[in-house]
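Let me begin by presenting the structure, written as structure tokens, before commenting on it.
The values are calculated or read from the model by the stated rules, or taken from the named source; none is laboratory data. It should be emphasised that the depicted structure is a prediction, and the values quoted were computed from it without experimental measurement. Methodologically, a virtual Cβ is constructed for each residue, glycine included, from the backbone with ideal geometry; neighbour enumeration extends over all protein chains shown. Quick note on the areas: whole protein, heavy atoms, side chains included, nothing else; ligands and nucleic acids left out. Shrake-Rupley method; radii C 1.70, N 1.55, O 1.52, S 1.80 Å.
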Amino acid sequence: MLKNFPADFRYILGLQEASVVGMADGFAQASRKPAVAVLHTAAGTGNGMGNIMTAFLNKTPLIIIAGQQTRQMLIGDPYLTDREAATLPQPWVKWAYEPVRAEDVPAALVRAIAVASMPPAGPVFLSIPLDDWAAEVESAPVMRTVSTRTAPDPDRLMDFAVRISKARQVALVLGQEVDKSLGWEAAVKLAELLNVPVFQAPLAERAVFPEDHPLFKGSLPIARGPLSAALTRYDLVLVVGAEIWRYYPWAAGPVSRQGTALLQITSDPHDAASALVGDSLLSDARLALEGLYQSLRNVKLPNSQNKTLGGSQAAATPGRSEPKDNTTLMTASEAFAAVALLRKKDDILVQESPSNVGDLLNVWAIIQQETYFTSASGGLGWGAPAAVGIALAHKTRTTVLAIGDGSLHYSVQSIYTAVQQKLNLIMLVPRNEEYAILKEFSIFENTPNCRTYGYILTTQHKPDSLTCEIAALNLPGLDAKAIAEAYGCPAFRADTPASLYEAFQEARRNGGPALIEFQINPKLEPLPV
Ligand SMILES: Cc1ncc(C[n+]2csc(CCOP(=O)(O)OP(=O)(O)O)c2C)c(N)n1
Ligand SMILES: [Mg+2]
């Protein structure tokens, strides 16, 4: 492969395959184009597997090429053979293939790009034996193109429009596909026309609507009972660009309460089929939002005169208070608020900070399309390399990664690539020395040694009533700053809002990558269901 490496490709080195796949995923999402990730054979594919699964759920177009032993030797299973190359990455790729003949490799690559790009986009896997790269082909492959959007069935879209126009109380729920289809403007136009509350689908991996808009009501709950309860007052819920529903913990209740009809619009037949309730329409999110707007713009709608229905509780806007300095440990909220003071409009936020995401997004409301990224899978080890890939695609903007002190270690090698590529990436590591979210989950599940109330203080820094004494969920003795420095990345330790503010300012001034580690009050909260 390297003997005839094409001049119009850039080859970026990653130190471990999980990082390579995550970086390619972030780069492909941010550049809105398929990216190629090259992995070592079976062992490398195995290392990349967690992030291949995440790319599949993220619906990111990726061409994953894995090496394979020389064809002539394969019959005898030599060293480094991937014995069943096309089986290994299943079921988390759209297509896995080892060309039958060397001459088929170019056509397989063309087909791989087509499969990866068409909706729902996703990773594809090609195993290419070593000697194939030197084989002669009779003719160059035929380059072709495919479409990447699906328009809605007009009759069914009209049926949806009629049902919306007849409903008494409508809620609009938006998911990640709205952002991925560049549909914010269309979503705002439809929401304002209907004058209905807008919710973000649970655990969406993108922001979906300007969070300072008066119609925006935040994210729906992430468990069955609370979610259906949150929607009881609506007789019709229109879900655009999301699954029904993405749940995390089990909390009993119906998927949908009686009297609430659900309409789902998604570009993914799998997500349409796996919905437990409701009627579905296959479509690109933006095309459907625009189509519904056109169908409904001249219709008299129940709420169109009622300017107050959306309510006035706008989501929190970015904090504007001055950073406080004090001697006690700062809360995650105070820490993120200090950084948010320095936020620029086109900064991109990448999030893998499980227990502090709520505090982060309260002070860092997303107000622009394609400026917030997290994973669709919840698999750790995606955030750091994805942020590196996103920063690679947007060299002139700043990418800010918020990552837990546990999560950082799943794909920590990606820091090296950020350094070598001199990327504008600021990594924020809230240090609570624990897997806080797993403690919160343990409390939710009534695990022994976890308490909802009582005052057992494990450390002097936990002056609250939620405790969880499971030693295996503690993370003492990690030093994120030292690790970053070992990869050549400038790093700061900043344990007060004022020093954090200064560190962030300095990191931005210096350009290039930086990691800022800051101690926070390790306060456990009830699991946010
Ligand atoms: C690959 C993978 N392994 C394990 C988990 C389970 N898990 C979810 S959150 C979490 C801990 C996160 O800890 P940290 O990053 O410190 O964040 P905190 O909860 O403290 O905010 C773990 C281990 C996962 N989601 N993905
Ligand atoms: Mg932690």
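I'd like the full set of residues that are away from ligand 2 (no atom under 16 Å from the Cβ) and open to solvent by less than 10 Å² (accessible area, probe 1.4 Å), limited to segment 380-410.
382, 385, 386, 387, 388, 389, 390, 391, 399, 400, listed by residue number.
Assess whether residue 101 counts as being among the charged types (D, E, K, R) and over 34 Å from the mean Cα position of the chain (by Cα).
For residue 101, the condition - among the charged types (D, E, K, R) and over 34 Å from the mean Cα position of the chain (by Cα) - is met.
Taking residue 451 and the conditions (1) at pLDDT below 95; (2) within 19 Å of residue 335 (Cβ to Cβ); (3) of a type in the set (D, E, K, R), which numbered condition does it fall short on, given that it satisfies the others?
(2)
Answer with yes or no whether residue 209 is closer than 24 Å to residue 348 by Cβ and open to solvent by 10 Å² or more (accessible area, probe 1.4 Å).
Taking the combined requirement at face value, the residue does not satisfy it.
Here is a list of conditions, (1) assigned to a loop (DSSP other than H, G, I, E, B); (2) touching a residue at least 40 places away in the same chain (Cβ under 8 Å); (3) within 30 Å of residue 178 (Cα to Cα), and residue 33 meets all of them except one; can you say which number that is?
(2)
Give the number of residues within segment 173-209 that are among the polar types (S, T, N, Q), closer than 27 Å to residue 26 by Cα and in a loop (DSSP other than H, G, I, E, B).
Qualifying residue count, segment 173-209: 1.
Kindly provide the set of residues from segment 356-379 that are within 16 Å of ligand 2 (Cβ to nearest atom) and either open to solvent by 30 Å² or more (accessible area, probe 1.4 Å) or of a type outside the set (S, T, N, Q) (or both), ordered by number.
Matches in segment 356-379: 357, 358, 359, 360, 378.
Within segment 243-252, track down each residue that is of a type outside the set (Ser, Thr, Tyr) and either in contact with a Leu (Cβ under 7 Å, 6 or more places away or on another chain) or surrounded by fewer than 16 Cβ atoms within 10 Å (Cβ to Cβ) (or both).
Scanning segment 243-252 gives 244, 245, 246, 249, 250, 252.
Look at residue 293 and say whether it is part of a loop (DSSP other than H, G, I, E, B), of a type in the set (Ser, Thr, Tyr) and at pLDDT 95 or above.
no
May I ask you to say which residue of 482, 471, 494, 486 is crowded, with 19+ Cβ neighbours inside 10 Å and of a type in the set (A, V, I, L, M)?
Just a single option satisfies the conditions, and that option is 494.
Looking only at segment 44-60, decide whether some residue is open to solvent by 40 Å² or more (accessible area, probe 1.4 Å), over 28 Å from residue 395 (Cα atoms), touching a helix residue (DSSP H, G or I) at 6+ places or on another chain (Cβ under 9 Å) and without any contact (Cβ under 8 Å) to a residue 40 or more places away in the chain.
no
Say we look at segment 1-24 and pick out the residues that are assigned to a loop (DSSP other than H, G, I, E, B) and closer than 15 Å to residue 35 by Cα; which of these is least open to solvent (accessible area, probe 1.4 Å)?
14
Using beta carbons and a limit of 7 Å, which pairs, at least six apart or on different chains, have the first residue in segment 399-422 and free of Cβ contacts under 8 Å to residues at least 60 places away in the same chain and the second one away from ligand 1 (no atom under 15 Å from the Cβ) and part of a helix (DSSP H, G or I)?
399/390; 399/391
Could you please tell me which pairs satisfy a Cβ distance under 7 Å, a separation of 6+ or placement on different chains, a first residue in segment 488-510 that is closer than 18 Å to residue 419 by Cα, and a second residue that is open to solvent by 70 Å² or more (accessible area, probe 1.4 Å)?
Taking only residues 6 or more apart or on different chains, the pairs are 490/510; 491/485.
Is at least one residue of segment 213-223 open to solvent by less than 30 Å² (accessible area, probe 1.4 Å), within 30 Å of residue 117 (Cβ to Cβ) and not in a loop (DSSP other than H, G, I, E, B)?
No, segment 213-223 contains no residue that is open to solvent by less than 30 Å² (accessible area, probe 1.4 Å), within 30 Å of residue 117 (Cβ to Cβ) and not in a loop (DSSP other than H, G, I, E, B).
Please find, within segment 497-529, the residue that is farthest from ligand 1 (Cβ to nearest atom) out of those that are of a type in the set (Gly, Ala, Ser) and either open to solvent by less than 10 Å² (accessible area, probe 1.4 Å) or part of a helix (DSSP H, G or I) (or both).
Applying the filter and picking the extreme gives 498.
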